[in-house]
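The block underneath contains the structure these notes are about, expressed in structure tokens.
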Amino acid sequence: MREGSDRLAHVARKALPGGLLVLLLCAVYADPLFARRNFAGRDLLAYNLPMEKAIHDAYACGRLPVWMPEISGGRPLLANPNAGALYPVRLLFSLVSFPLAMRIFPVLHWALAGLGALCLLRCLGSSRAGAWVAAATYAFSGVAVSEVFFPHILPGLALLPWVVWAVARAWARTAHKLLVLSALFGLEMLAGDVFSIAMAIACGSLWILLEMEPGRRVREFALLGGSLLLGALAAAPQIVATALWIPETGRNITGMKLREALQFSLSPFRLLELIVPYPFGSTFAMEVSQVWTRGVFHGKAIGLFSTLYAGGFAVVGALVLRREALRGARFGRVLALAALAASVTPSLIPASWSEKASPLPLRNPEKFAVGLSLALAILAGLAFDRLRRTPVKPRGMLLVALALCLLAASARLWTEPAGRVALRLVGQPSGSERLAGEKLAIGFAEAGLLWMATVIALESLRLPSAGPAVSLVLLTLVPIAANRRIAQAFREEAVFAPTAFARHIERADPHGQYRTMGAAFYRPPSALEEANASNDPAQLEFSRRSWNEYTPALWGRGVVFNMDFDSGDLSRLQSLRALSFVAARYGGASAFFGALALRWSIRFRDQDPLPGYHRVGGDPLMNWDEHERPFPDVRLLAGWREETGPVQALSAVPKLGAGEVVIESGAHGSGTARPGRLRILEKSPGRLRLEADAPDPTWLFVLRGFWNHREVLLDGRSVEDFPAQLAFSAVRIPAGRHAIEWRELVPGGSVSRWGPVLFALICLFILFRKGPPLAAPGRE
């Protein structure tokens, strides 16, 4: 009995720091977790939440999230790695309501990130206090908290320290290490972010090169490679689907300019954020007017991450351990430098290169700052133990704090001169001197206070008894105080409730046969929009009202010519979107919009309607328009043209009459048919079941992006679908009554689905096969 109690007490002591970290995260984010408030702002409402809801609803209905019909007239969902549709946590969260899932999702991953850092430092021999400092530094860093706006890359942040832990830990058996690493890499690949996968591989390789004896490196690299191959098997459905999706996307066919690929990279000026959380304005506020320079953010009002700040002690740790030979210190230093090089160097490419083609259709190298945050967290945890053993007087930090206070006072007393100097330093044109001076005064003053708190924390280490506890509390509170405000939460209704316009459409079109045009981008900028922008700093209402983004998908309503946030649209749709901007300038373009089921349009009141639309309602800010002759998204055609290829079809589109569609059948000509009847038996994202009664041979037009990974059955026989209206799909229908079944498929799914099965079988074989030990077990 005594032995069992001792074992239980030992487990409780080991689990205590992790449990406290989870409780702390729940307390810090109690507002969204327990008060029916949801994180929102930036890309969340405009892009990520609609994608997440499509995945959530699919799993909740017991089907795979293969297709998203509401966006771009219908496009692949699972194949797009930015969705991470097969990431297992998303399947798990389908068991709860979508708003609750989106409240828990970021907090869960911050907890996993912190626990990973904690386990990694304990594996390196750090004390529980040092491991806690690393965990708090990483989980509450500006980079980590900013990822609340990007749930598609949050899993990479959470998994990265676990990958390093699995590589660094001393395992009793080779098999255990191989299986854990392969599972982690499999999760990384299922989550889908290429940068996260690259960082995980790079960190594992760096650890082997820097922290292991030369004689072990070959074997360890072999284990790393084997785990990657096994992880790829587990993630085969995602990898194969993405590989088949990429060739048909615009980002592959037309490529990317360096301007687009490198826009979100770190300006060297932003390294000041390691010391001063918000030197360039209130980037946490998501309000353009609160930022005094756009040059630092490459024309944007904010970077991918609101700040790089991870607490002043993170920088202190890097300086304290700059020459130390502690296990993990060298890795931390090299990782920090490598992450800086990968995220900062792209910003230094000459402006004259901006229109050159990017060698890879990838973007946002600022994502590599996650590696910098992990490196700083490791160094902070190791430095805490080092300073606890050998306390030093923090004279240098005190001088930094005093300097920051003096800079704050100077900027407050001489606001415009200080702002003028700052603008010149960053190469920003004059005009915002006062704003720059005011924001610098606030930023330096806040930084000074945070650095003073860090000075007190270091001084506390010199005190007996409760000194280390006081130090831990202060070092934990500093990044929280600086960065908690980044993750803003709003009432659930303000985020998810449909607008009055969405409710109007729902009443008029309960079966979802039509789509909506967001006309604001097709007309000159609205003075009304600009006048009301200050009342909507998080752009919640703009995303909800404009219908140019993905937001309407939250209410099950569709759009066609929306923004392409992730450059994930099929290439054909990109071409049709370009044509839509031309059509919007001509009064005779009514047939173009009506043929694409675009029954409604919404615009600001001071903007002109699109061709073929007339006002049917509105509010003091927006006008609601309806098309004079729209056609449903699924229909039997009464008139059509046939062309031999996409170039000919593109030329024919402007010449079509009302309801006509051009089809790339390989022939050249035109045709008509008497109106038929169509009965829709099932209409879900992944499947259509129809009954058609056609008096004459005709075509079935379906407003779904054309691509090669679907199955269409006509009376039980497989038939071919053809590109229609350049970007969508049509099927030839003979005269008579017919049953039609249309299924969207997982690209390559018939083969790739065996990958996870093979992964499981190999894992079982490895697990139960007796093999030599890898090394003597070490500390976890």
**OP:** All but one of (1) of a type in the set (D, E, K, R); (2) open to solvent by less than 60 Å² (accessible area, probe 1.4 Å); (3) in contact (Cβ under 8 Å) with a residue 40 or more places away in the chain hold for residue 605, so report the exception by its number.
**Re:** (2)
**OP:** Might you check whether a residue that is closer than 30 Å to residue 691 by Cα, part of a helix (DSSP H, G or I), at pLDDT below 95 and open to solvent by less than 20 Å² (accessible area, probe 1.4 Å) occurs anywhere in region 741-749?
**Re:** yes
Original post:
Is it the case that region 135-143 has a residue that's surrounded by fewer than 24 Cβ atoms within 10 Å (Cβ to Cβ) and either out of contact with any Cys (no Cβ under 6 Å at 6 or more places or on another chain) or under 26 Å from residue 231 (Cα atoms) (or both)?
Top reply: no
Subject >> Single unsatisfied condition, residue 389 versus (1) open to solvent by 10 Å² or more (accessible area, probe 1.4 Å); (2) touching a Leu at 6+ places or on another chain (Cβ under 9 Å) >> reply: (2)
Original post:
Among the helices (runs of 4 or more DSSP H) confined wholly to region 475-534, which include 3 or more residues that are out of contact with any Leu (no Cβ under 7 Å at 6 or more places or on another chain), of a type in the set (D, E, K, R) and closer than 27 Å to residue 557 by Cα?
Top reply: 500-508
Subject >> Boolean, residue 181 is modelled with pLDDT of 95 or more, more than 22 Å from the chain's Cα centre (by Cα), open to solvent by less than 10 Å² (accessible area, probe 1.4 Å) and closer than 19 Å to residue 761 by Cβ >> reply: yes
Original post:
With (1) open to solvent by 30 Å² or more (accessible area, probe 1.4 Å); (2) without any contact (Cβ under 8 Å) to a residue 24 or more places away in the chain; (3) assigned to a loop (DSSP other than H, G, I, E, B) as the list, and residue 301 as the residue in question, which single condition is left unmet?
Top reply: (1)
Original post:
Can you name the residue in region 339-371 that is hydrophobic (A, V, I, L, M, F, W, C) and either in a loop (DSSP other than H, G, I, E, B) or open to solvent by less than 10 Å² (accessible area, probe 1.4 Å) (or both) and, of all such residues, is nearest to residue 163 (Cα to Cα)?
Top reply: 370
**OP:** Can you tell me which residue among 659, 666, 676 is modelled with pLDDT under 95 and open to solvent by less than 30 Å² (accessible area, probe 1.4 Å)?
**Re:** 659
**OP:** Identify all residues within region 707-748 that are without any contact (Cβ under 8 Å) to a residue 60 or more places away in the chain and touching a Ser or Thr at 6+ places or on another chain (Cβ under 9 Å); write none if there are none.
**Re:** 710, 711, 712, 721, 722, 734, 735, 742
Subject >> Condition check for residue 398: open to solvent by 60 Å² or more (accessible area, probe 1.4 Å) and in contact with a helix residue (DSSP H, G or I) (Cβ under 6 Å, 6 or more places away or on another chain) >> reply: yes
**OP:** Could you run through region 82-104 and say how many residues are surrounded by 20 or more Cβ atoms within 10 Å (Cβ to Cβ), of a type outside the set (Lys, Arg) and in contact with a strand residue (DSSP E or B) (Cβ under 9 Å, 6 or more places away or on another chain)?
**Re:** 2
Subject >> Number of the exception - residue 50 against (1) farther than 30 Å from residue 129 by Cα; (2) in a helix (DSSP H, G or I); (3) in contact (Cβ under 8 Å) with a residue 60 or more places away in the chain; (4) open to solvent by 30 Å² or more (accessible area, probe 1.4 Å) >> reply: (4)
Original post:
Would it be correct to say that residue 159 is open to solvent by less than 40 Å² (accessible area, probe 1.4 Å), out of contact with any Phe, Trp or Tyr (no Cβ under 7 Å at 6 or more places or on another chain), at pLDDT 95 or above and assigned to a helix (DSSP H, G or I)?
Top reply: yes
**OP:** Kindly establish whether residue 411 is over 27 Å from residue 125 (Cβ atoms), surrounded by fewer than 15 Cβ atoms within 10 Å (Cβ to Cβ) and in contact (Cβ under 8 Å) with a residue 24 or more places away in the chain.
**Re:** no
**OP:** Scan region 506-530 for residues that are under 16 Å from residue 548 (Cβ atoms) and touching a residue at least 60 places away in the same chain (Cβ under 8 Å) and jot them down.
**Re:** 515, 516, 517, 518, 519, 520, 522, 523, 524, 526, 528, 529
Subject >> Candidates 118, 92, filtered to the one that is over 16 Å from the mean Cα position of the chain (by Cα), assigned to a helix (DSSP H, G or I) and in contact (Cβ under 8 Å) with a residue 40 or more places away in the chain >> reply: 118
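The values are calculated or read from the model by the stated rules, or taken from the named source; none is laboratory data. None of these values were measured; they are calculated from a predicted model. With ideal geometry, Cβ positions are generated from the backbone for all residues, glycine too; neighbour counts draw on all protein chains shown. Side chains included, ligands, DNA and RNA excluded: accessible areas come from the protein's heavy atoms. Shrake-Rupley method; radii C 1.70, N 1.55, O 1.52, S 1.80 Å.
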